[in-house]
1. Of all the residues that make up the range 85-124, how many are among the polar types (S, T, N, Q), surrounded by 19 or more Cβ atoms within 10 Å (Cβ to Cβ) and outside any loop (DSSP other than H, G, I, E, B)?
2. Condition check: more than 13 Å from the ligand (Cβ to nearest atom) and under 11 Å from the mean Cα position of the chain (by Cα). Does Tyr117 satisfy that?
3. Consider Leu148 carefully, then state whether it is under 13 Å from the mean Cα position of the chain (by Cα) and either in contact (Cβ under 8 Å) with a residue 24 or more places away in the chain or more than 20 Å from Ile79 (Cβ to Cβ) (or both).
4. Identify the single condition in (1) away from the ligand (no atom under 14 Å from the Cβ); (2) outside any loop (DSSP other than H, G, I, E, B) that Lys134 does not satisfy, given that it satisfies every other one.
Amino acid sequence: MPKGIYERTEEHNRRLSEVLKGRQFSEESKRKMSESHKGMHHSEETKKKISKNSPQYYKGKFGKNHNTWKGENAHEGSIHIWNIRHYGQADHCELCGKSGNGNGIFFQWANLKNHKYSRDIEDYIQLCNSCHQKMDNGKIDIEMVRELRKQIKYIKIGG
Ligand SMILES: [Zn+2]
């Protein structure tokens, strides 16, 4: 776990366990999760996704072959860079608790305001690609994530 980027309060832990209890995983996502836990299936696609989480990706490769989040454009790219500069690279998932890249898992600053990309850290939460995708396509209730976000304090590290 990283130090100095966020604080996890008692309240947050309680909320998180409630959130996790309430999650409905489809059979498909359960299967994917157990596969990723086994550390198998390092497909080319997976490798590509991992490399997208490298800092180089954020330095000007936006708009090419992107499929990590929909509607990405240059403006959104600059916002993500803003997040990383001030609050660090996303390195864990607030929903499922994963941290550490690998097995196709990587972390992103997810926007909680319907992709109205602001420069307000309150509008962002660190999620893994899997939870981010589920939130974006409605499999995880964004209202629940917004509630969870209120329990988290990200600490500015630079800029
Ligand atoms: Zn996650």
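Every number here is computed from the coordinates shown, using simple stated rules; none is lab data. Only a predicted model underlies this, so the values are computations on that prediction, with no experimental measurement involved. So basically every Cβ, Gly included, is an ideal-geometry build from the backbone, and we count neighbours across all protein chains shown.
1. Count: 2.
2. Spelling it out, it is not the case that Tyr117 is more than 13 Å from the ligand (Cβ to nearest atom) and under 11 Å from the mean Cα position of the chain (by Cα).
3. No: the conditions fail for Leu148.
4. Looking at each condition in turn, Lys134 falls short on (1).
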